[in-house]
Amino acid sequence: MSVSTLQSPRADAYVVHPERKLALYYVVTGLIFLAVGVAIGPAQALNYAGIDVYKYLPFLKSYYQGLTLHGVLNALVFTTYFISGLLIYLPSRELNLRPRLGFAWFTYWLMNFGVILAAIAILTNGSSVLYTFYPPLQGSPLFYIGAALLVVSSLLVGVQTLWLWAGWRDKHRGQLTPIVTYMCCATWCMWILASMGIVVETVFLLIPWSLGWTSGVDPLLSRTLFWWTGHPIVYFWLLPAYVSWYAFVPKQAGGKMLSEPLTRLTFALFLLVSVPVGLHHQYGDPGISTFWKLIQMSLTFVVALPSMITAFSVAASLENAARAKGGRGLLGWIRVLPWGEASFTAQVLAMVSFIFGGAGGIVNASMDLNQIIHNTAWIPGHFHITVGTATTLSFFGISFWLLPHLTGKPLWNPRLALWSVWTWFVGMMVFAVGMHWEGLLGIPRRAYISSLPSTVYADGARVPMALTGISGMILLISAVLYYAVVIRTLTGRQRDLENAPAIPFSEILSKATPTRFQKLIDDLGLLFWVGAILVLAVYLPSLIQMVQNPNLVKGWQLW
Amino acid sequence: MDLHTVERFERVWIGFAIVMALLMGLAATYNVVRAVVPTVRSSVGQHVDIKNLAATPFGKPELKRLGFQTYELYMVAHIFEFTPSEIKLKAGDSLEMHLTSADVIHGFQILGTTINVEVIPGEVATVAYRFKKPGIYMIVCNEYCGFGHHKMLARIVVTA
């Protein structure tokens, strides 16, 4: 059944697959919010170069309001939209099942509603609490309600995707779930388990407290619930990139996914051990026993394993593709990879940045080494090459085929797209060097240091501060290039859905067979409950102790 | 490149990853348990009433000499300063610090050392350090606490 695109392209574009439009709206809305967040980034980078530009930005009341916008929009809002769109769309196309569109559009508008509430709170300077919003700093109720709605609507998208998968399983008893659906559903299951911390924190503690229904809040209990979600949320950002690295990048390189069983094992491991690790963000907190901190530290090292497996598998699939095309030598094969393709290049550079990001993550996870870098500029240095590059640059790469795929409009100026990719990678690498370095010199994260006399920090940190400032300018150029490509692609007049690029599903070299083990890990519900038991086992002793000895303090608005 | 070769390399790689994770974990555990790197200690579940700090040792936040080269410090973090804001010690002195906050969460990092603690209202964080080298050690609030966060600094002056 084909639809002529000539007669009335706009009306008929989405008839065959109306879920294309859904995915497009999620992805583009996410990119719009990212544009706002990214626009504030250079001012942040200049602050860490000792240059204060906030006095020239009349729409921002303070550095901290700008930082709240930057963090919330980039890390929380953009990622949630992009991932929601991608991770419901891919399974629905792989399984050939259409989600219930009425409900799907309801969740989209619910998400928008939540973000608008939070945006009002932030833009009016009512909630300059940063994206960690630790009480007793007390933001506006709109902020917490908006944040809760953002999370809840993403969970509804997840449940809907799992519903599609359950329907497929009913009709295909005894078969293993197709690989992309498996990866997406494992990610959603992990996110459901992970998000419970922030849902409980906002719904039961912060919303009633900010509305004045309760007089105090326990800061340590809130922090602990926040980090229950706050660490595994990074896997919610990272795993969709892994989906693409495993399932799409090999095809884009001209090769195949090497091992389906190992890919499935990787995602099963992430579902099991992503969540019981949040205490490694609280090594410096009093009121939590060192024993449980060390237990969660050990589990953090366990969750490094599936990433190590990924590094091997993905690199091997690229080498396999390159050698099949005649690449030779120990490293010479790298040259024959399709470096002219922006989508491919973006994702390989994202992988490279994650090698450094992962190594830094091991430092952060080590309770002893963490003492040196905790809450210093090292930390934003770290997460700009993880979520800021491994995830974001992968999403840029995905958008270069996804937007043409969804709209039927060809990518505008692929050469410029390639330039945006390289400048993002270089900019973030320079940023990371500058910020990690500043952190080692003891400069704190998220501090308005450009307003301080240079004797405090700047005199002893000229080189890293200069690097940070320069990186902000490189990234500004990159963002302009990227958004030029996105906007010109979306506003293109030519629309040809029939010849639009297909989803680059890779063929599989070694397929999974329904062995007992593979059938066992195909049961994501079972893995979810095992994961949940593990989470409760390592969190309940600390949480029960906090609930039994409440420490309620009043709220403060200090911005 | 056949699949079997890849799988053999893969097993080696995974083995390497497991050994490395194990070593990192053991090293960090050793350093924390044996206090090679001092980390925060606290009486879990016991709080001070921040509305009535005067009735606690934090009512007089100051340096106390306990014995030869041994000092104890009660320090209060509040917007946007530390009290006391300057501490004087001699090289070789050991200092046990007890910290709480009177309002929101603050950070407490002594630059040039491995002391890095969250200061949470109502919770008491205890951490010890021996200052071997003379110099001026800057104390930095490294947890966002409001509009004056970046100005929240104090210092420890260690003389020879």
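Among the residues here, A:Leu258 qualifies as within 14 Å of another protein chain (Cβ to nearest Cβ), under 17 Å from A:Met308 (Cα atoms) and either part of a helix (DSSP H, G or I) or out of contact with any Asp or Glu (no Cβ under 7 Å at 6 or more places or on another chain) (or both). For the range A:358-411, taking the residues that are touching a helix residue (DSSP H, G or I) at 6+ places or on another chain (Cβ under 7 Å) and aromatic (Phe, Trp, Tyr), the one that is nearest to A:Phe248 (Cα to Cα) is identified as A:Trp401. The single condition among (1) modelled with pLDDT under 95; (2) aromatic (Phe, Trp, Tyr); (3) within 25 Å of A:Thr391 (Cα to Cα) that A:Tyr54 does not meet is (3). Just the residues that are surrounded by 12 or more Cβ atoms within 10 Å (Cβ to Cβ), free of Cβ contacts under 8 Å to residues at least 24 places away in the same chain and not β-branched (Val, Ile, Thr), please, taken from the range B:17-40. The answer is B:Ala17, B:Met20, B:Ala21, B:Leu22, B:Met24, B:Gly25, B:Leu26, B:Ala27, B:Ala28, B:Tyr30, B:Asn31.
Condition test on A:Thr386, is it at pLDDT 95 or above, within 28 Å of A:Tyr89 (Cα to Cα) and in contact with a Gly (Cβ under 7 Å, 6 or more places away or on another chain)? Yes.
If we scan the range A:319-334, do we find a residue that is outside any loop (DSSP other than H, G, I, E, B), within 24 Å of B:Met20 (Cβ to Cβ) and either among the aromatic types (Phe, Trp, Tyr) or within 13 Å of chain B (Cβ to nearest Cβ) (or both)? Looking for residues that are outside any loop (DSSP other than H, G, I, E, B), within 24 Å of B:Met20 (Cβ to Cβ) and either among the aromatic types (Phe, Trp, Tyr) or within 13 Å of chain B (Cβ to nearest Cβ) (or both), one finds at least one in the range A:319-334, hence yes.
Yes/no per residue for (1) among the charged types (D, E, K, R); (2) more than 30 Å from B:Thr5 (Cα to Cα); (3) without any contact (Cβ under 8 Å) to a residue 40 or more places away in the chain:
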| residue | (1), (2), (3) |
| --- | --- |
| A:Gly255 | no, no, no |
| A:Arg264 | yes, no, no |
| A:Val273 | no, no, no |
| A:Leu305 | no, no, yes |
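A:Ser510 meets each of the listed conditions (1) surrounded by fewer than 20 Cβ atoms within 10 Å (Cβ to Cβ); (2) at pLDDT below 95; (3) away from chain B (no Cβ under 14 Å) apart from (3).
So, B:Glu123, is that one more than 19 Å from A:Leu440 (Cα to Cα), within 9 Å of another protein chain (Cβ to nearest Cβ), of a type in the set (Asp, Glu) and touching a residue at least 60 places away in the same chain (Cβ under 8 Å) or not? Considered against the rule, which asks whether it is more than 19 Å from A:Leu440 (Cα to Cα), within 9 Å of another protein chain (Cβ to nearest Cβ), of a type in the set (Asp, Glu) and touching a residue at least 60 places away in the same chain (Cβ under 8 Å), B:Glu123 comes out as yes. When A:Phe291, A:Phe344 are checked against the criterion of being assigned to a helix (DSSP H, G or I), within 13 Å of chain B (Cβ to nearest Cβ) and farther than 22 Å from A:Cys185 by Cα, A:Phe291 stands alone in meeting it. Only one entry in A:Ala417, A:Ala432, A:Ala447 is within 24 Å of A:Thr68 (Cα to Cα) and in contact (Cβ under 8 Å) with a residue 60 or more places away in the chain, namely A:Ala432. Restricting attention to the range A:436-466 and to residues that are of a type outside the set (D, E, K, R) and away from every other protein chain (no Cβ under 14 Å), the residue that is farthest from the chain's Cα centre (by Cα) turns out to be A:Val463.
In the range A:440-480, which residues are among the charged types (D, E, K, R) and not in a loop (DSSP other than H, G, I, E, B)?
Correct list: A:Asp459, A:Arg462.
For the range A:394-407, the criterion of a residue being among the aromatic types (Phe, Trp, Tyr), away from every other protein chain (no Cβ under 11 Å) and closer than 21 Å to A:Pro42 by Cβ is satisfied by at least one position.
Within the range B:66-118, being of a type in the set (Ser, Thr, Tyr), within 20 Å of B:Phe147 (Cα to Cα) and either more than 15 Å from the chain's Cα centre (by Cα) or surrounded by fewer than 22 Cβ atoms within 10 Å (Cβ to Cβ) (or both) holds for B:Thr83, B:Ser85. Suppose the filter is more than 21 Å from the chain's Cα centre (by Cα) and in contact (Cβ under 8 Å) with a residue 60 or more places away in the chain; does A:Gly388 pass it? Considered against the rule, which asks whether it is more than 21 Å from the chain's Cα centre (by Cα) and in contact (Cβ under 8 Å) with a residue 60 or more places away in the chain, A:Gly388 comes out as no. Of all residues being more than 20 Å from A:Gln175 (Cα to Cα) and of a type in the set (Lys, Arg) in the range A:249-275, which is farthest from the chain's Cα centre (by Cα)? Just the residue, please. The selected residue is A:Lys256. Among the criteria (1) of a type in the set (A, V, I, L, M, F, W, C); (2) within 9 Å of chain A (Cβ to nearest Cβ); (3) in contact with a Ser or Thr (Cβ under 7 Å, 6 or more places away or on another chain), the one B:Val76 does not fulfil is (2). Output yes when any residue across the range A:75-92 is part of a loop (DSSP other than H, G, I, E, B) and either touching a residue at least 12 places away in the same chain (Cβ under 8 Å) or of a type outside the set (Lys, Arg) (or both), and no when none is. No, that holds for no residue. Checking the condition outside any loop (DSSP other than H, G, I, E, B) and more than 10 Å from every other protein chain (Cβ to nearest Cβ), which residue from A:Thr263, A:Thr300 passes? Just one listed residue meets the conditions, A:Thr263. Just one of the numbered conditions (1) within 9 Å of another protein chain (Cβ to nearest Cβ); (2) surrounded by 15 or more Cβ atoms within 10 Å (Cβ to Cβ); (3) touching a residue at least 24 places away in the same chain (Cβ under 8 Å) is not true of B:Ser43: (2).
Every condition in (1) touching a residue at least 40 places away in the same chain (Cβ under 8 Å); (2) at the interface with chain B (Cβ under 10 Å from one of its Cβ atoms); (3) among the aliphatic types (A, V, I, L, M) holds for A:Val314 except the one numbered (2).
Of the residues making up the range A:360-371, not a single one is within 27 Å of A:Leu402 (Cα to Cα) and in contact with a Phe, Trp or Tyr (Cβ under 9 Å, 6 or more places away or on another chain). Residue under question is A:Leu305, and the condition is that it be surrounded by fewer than 24 Cβ atoms within 10 Å (Cβ to Cβ), hydrophobic (A, V, I, L, M, F, W, C) and at pLDDT 95 or above; does it hold? Taking the combined requirement at face value, the residue does not satisfy it.
Taken over the range B:96-120, the residue count meeting the criterion of being under 28 Å from B:Ala160 (Cβ atoms), in contact (Cβ under 8 Å) with a residue 60 or more places away in the chain and in a strand (DSSP E or B) is 1.
The values are calculated or read from the model by the stated rules, or taken from the named source; none is laboratory data. Note that the structure is a prediction, hence the values are computed from the model and not measured. With ideal geometry, Cβ positions are generated from the backbone for all residues, glycine too; neighbour counts draw on all protein chains shown.
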